Amino acid sequence: MSYFEELEKLLEAVVIQNGSDIHISVGRHPTLRVDGALIPLIKKPILNGEDALGLIQALLNEEQFNRFLKEKELDFSYSFRDRARFRANVFFQRGFAGAALRLIPAKIKTIEELNLPPVLREFARYSQGFFLVVGPTGHGKTTTLAALVDEINHQRDEHIITIEDPIEYLFSQSRSIINQREVGIDTANFHKALRSMFREDIDVAMIGEMRDPETMSAAVTAAETGHLVFSTLHTNSATQTIDRIIDSFPSSQQSQIRIQLASSLIGIVSQRLIPRISGGLIPAVEVMIANSAIRNLIRENKTHQLDLVIDTSFQEGMVSLNRSLADLTRRKEISLENAMIYSTNPSELRLLLKK
């Protein structure tokens, strides 16, 4: 078997079948994820250890493969025939090699094409501040950030730096200068790249993920000092995001970071990709805009009241996740069953749907 040719066929299948991911796992057929469901490619043989390792070796150059064998796991991106890119993670399980690859479309979609609320476009108009897209893994956070950054790219003359691990979407420079830095290749780590950023005359920064207090602190400081900073976090809601950031710091520093966050935050969007009745996925989105009420609650450590402000500030463009789910259900975009599954408060959602 030519593992490279077989790998190309598998990646081709992801593109043709409009999949989002492909999994390589010993003892299973190669498996696609399409519209949220796992679909085994039953015409392909069940993978043994030799075949799985061969396919993974075809993904990697020699240096990457040696690093993978040494470190037992590796994150990287892979270009497929100039048609698409994949974000990949390779790993060992029970002594066998495995891989998960996520398709990154070549074209960066607009906010409208992603079915996101038009109010998100407002966050791309700020000259400084801190904006976060949050939600579970695999629910389109990076895609949303890319749409916002590309909006700035086409509308404004700015210097944009992205710090990613690995680089996912490739931006084509329009009005803006865009420099994309990959952790492990172009910089040692997120924190070092962020410190360096202050000497690079930047206007906008996109940080692929905030993983530790040092990165969070540097991002908030950058937003405070005249930069527009976009990033992501694996949290379930705007309220949980604020608490997660503050709780990441020692108690002696929490008051200071709370004040910094209250002054620099411009908004948080939490999103879920939900199976659409007509096929495909559609986002349900919570939008929190940092108005004076939101800032005061953060500053006064009353984050438990943030949800109430979001619920009652619809006229300002804020949307609760339940309101978004209810709207999608009424429009028959998603099923009631899926709305309940993705709701963080199903009883409240039932009340909204009765109105």
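Taken together, the values in this text are just the output of simple stated rules run on the coordinates, not laboratory data. These figures come from a predicted structure and were not determined experimentally. Reconstructed Cβ throughout: ideal geometry from the backbone, glycine too, with neighbour counts over all protein chains shown.
Which members of the stretch 19-70 meet the condition of being in contact with a Lys or Arg (Cβ under 7 Å, 6 or more places away or on another chain) and among the hydroxyl-bearing types (Ser, Thr, Tyr)?
Ser20, the sole residue that qualifies.
Would you check which residues across the stretch 138-163 are in contact with a Phe, Trp or Tyr (Cβ under 9 Å, 6 or more places away or on another chain) and closer than 18 Å to Arg211 by Cα and list them?
Selection gives Thr142, Leu145, Thr162, Ile163.
Are any of the residues in the stretch 247-254 in contact (Cβ under 8 Å) with a residue 12 or more places away in the chain and crowded, with 20+ Cβ neighbours inside 10 Å?
Within the stretch 247-254, not a single residue is in contact (Cβ under 8 Å) with a residue 12 or more places away in the chain and crowded, with 20+ Cβ neighbours inside 10 Å.
Can you pull out the residues in the stretch 1-11 that are in a helix (DSSP H, G or I) and free of Cβ contacts under 8 Å to residues at least 60 places away in the same chain? Working first, answer last.
Within the stretch 1-11, the first condition is being in a helix (DSSP H, G or I), and the residues that meet it are 3-11.
The answer is Tyr3, Phe4, Glu5, Glu6, Leu7, Lys9, Leu10.
Within the stretch 299-318, how many residues turn out to be under 24 Å from the mean Cα position of the chain (by Cα) and either crowded, with 23+ Cβ neighbours inside 10 Å or hydrophobic (A, V, I, L, M, F, W, C) (or both)?
3
Considering Ala219, Ala223, Ala205, Ala188, which residue is over 27 Å from Ala290 (Cα atoms) and among the small types (Gly, Ala, Ser)? So that I can check it myself, show each step before the final result.
Details: Ala219 fails: over 27 Å from Ala290 (Cα atoms); Ala223 fails: over 27 Å from Ala290 (Cα atoms); Ala205 fails: over 27 Å from Ala290 (Cα atoms).
That would be Ala188, the only listed residue that is over 27 Å from Ala290 (Cα atoms) and among the small types (Gly, Ala, Ser).
If we keep just the residues of the stretch 277-289 that are in a loop (DSSP other than H, G, I, E, B) and touching a residue at least 60 places away in the same chain (Cβ under 8 Å), which is surrounded by the most Cβ atoms within 10 Å (Cβ to Cβ)? Show your work before the answer.
Residues of the stretch 277-289 in a loop (DSSP other than H, G, I, E, B): 277-280.
So of that shortlist, the ones also touching a residue at least 60 places away in the same chain (Cβ under 8 Å) come out as 279-280.
On the way: Gly279: 9, Gly280: 13.
Result: Gly280.
Quick check on the stretch 84-106. Is at least one of its residues in a helix (DSSP H, G or I), charged (D, E, K, R) and touching a helix residue (DSSP H, G or I) at 6+ places or on another chain (Cβ under 9 Å)?
No, the stretch 84-106 has no match at all.
Checking Arg175 against (1) exposed (fewer than 14 other Cβ atoms within 10 Å of the Cβ); (2) within 19 Å of Ser270 (Cβ to Cβ); (3) in contact with an Asp or Glu (Cβ under 6 Å, 6 or more places away or on another chain), which single condition isn't satisfied?
Among (1) exposed (fewer than 14 other Cβ atoms within 10 Å of the Cβ); (2) within 19 Å of Ser270 (Cβ to Cβ); (3) in contact with an Asp or Glu (Cβ under 6 Å, 6 or more places away or on another chain), the lone unmet condition for Arg175 is (2).
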